[in-house]
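Below is one structure, written out as structure tokens; the observations come after it.
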Amino acid sequence: MIIPLVSAILGSDYVLYSCAFMSVQLIFLWTHCSTMLSEKPHLEWKKIISNINVLAIIAGLLLFFCKIKLPAVIIAPINDIGNMLAPLSMIVTGMLMADSPILASLKNAKLYLFSAIRLVIWPTILLLIMCVSHVYEFIPDGRTLLLIVYLASITPSASTITQMVQVYNKDATYSSLLNVFTTLFCIITMPLAVILFSWLIL
């Protein structure tokens, strides 16, 4: 969700910074998260390094730092695939919502607790750290870059987690409910969080 958000709010020039955030997130997803879900005591470095997602991140970093420009015949389909990310994510979320026992889960207090941690408590802690540290003063265009980080922190639980849970044969229903609940609640929490950010930082 972060890429279309940044593109719509700040413009395509700032999408690069959201990709940097996602790259770090994906590394943790395929290392720490994968290890926890597989319940193995150590990281499987061979599988991690050979993972297509990690390889794509490495390739992207090499192209960026080496300033290699790909030809238009390659860039065009890559851009098309990139434009599909948000719609595909929403389709996956819609599928999860259709298959989730939402009404039966309304009495599950843990779903509300984890939603509050993801959408309210963690973003509030992050915003306080930004506000107290004044870290935005140390880098050019710091307030805008912190807004990108903040936008990423207030988005709902990613549908990728549910897919990971399915890969490792865990409780996909519970994971999908977390995705659904945080997606529904973020309709309220995201605008309020951005308003608070604008008051304290911008």
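The values are calculated or read from the model by the stated rules, or taken from the named source; none is laboratory data. Nothing here was measured: the structure is a model prediction, and the numbers come from that model. Using ideal geometry, Cβ is built from the backbone for each residue, glycine included, and neighbour counts are taken over all protein chains shown.
Summary table below
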{"quantity": "Unique match (being basic (Lys, Arg), closer than 19 Å to residue 20 by Cα, part of a helix (DSSP H, G or I) and in contact with a helix residue (DSSP H, G or I) (Cβ under 7 Å, 6 or more places away or on another chain)) among 118, 143", "calculated": "143"}
{"quantity": "When residues of the range 144-171 are limited to those that are of a type in the set (Ser, Thr, Tyr) and surrounded by fewer than 21 Cβ atoms within 10 Å (Cβ to Cβ), the one farthest from residue 120 (Cα to Cα)", "calculated": "168"}
{"quantity": "Any hit, the range 14-28, residues being over 15 Å from the mean Cα position of the chain (by Cα), within 21 Å of residue 142 (Cα to Cα) and either at pLDDT 80 or above or small (Gly, Ala, Ser) (or both)", "calculated": "yes"}
{"quantity": "Condition met for residue 128 (surrounded by 13 or more Cβ atoms within 10 Å (Cβ to Cβ) and part of a helix (DSSP H, G or I))", "calculated": "no"}
{"quantity": "Search result, residues across the range 141-171 that are among the charged types (D, E, K, R) and closer than 21 Å to residue 32 by Cα", "calculated": "170, 171"}
{"quantity": "Contacts under 6 angstrom Cβ, first residue in the range 130-158 being on the phi < 0 side of the Ramachandran plot, partner of a type outside the set (Ser, Thr, Tyr) and outside any helix (DSSP H, G or I), 6 or more apart", "calculated": "143/201; 143/202; 155/1"}
{"quantity": "Given (1) modelled with pLDDT of 80 or more; (2) under 21 Å from residue 160 (Cα atoms); (3) surrounded by fewer than 14 Cβ atoms within 10 Å (Cβ to Cβ); (4) not aliphatic (A, V, I, L, M), number of the condition residue 65 does not satisfy", "calculated": "(2)"}
{"quantity": "Pair list, Cβ under 6 Å, 6 or more apart: the range 29-41 residue over 15 Å from residue 160 (Cα atoms), other residue surrounded by fewer than 16 Cβ atoms within 10 Å (Cβ to Cβ)", "calculated": "35/43; 38/168"}
{"quantity": "Residue tally, condition surrounded by fewer than 13 Cβ atoms within 10 Å (Cβ to Cβ) and not hydrophobic (A, V, I, L, M, F, W, C), over the range 131-143", "calculated": "5"}
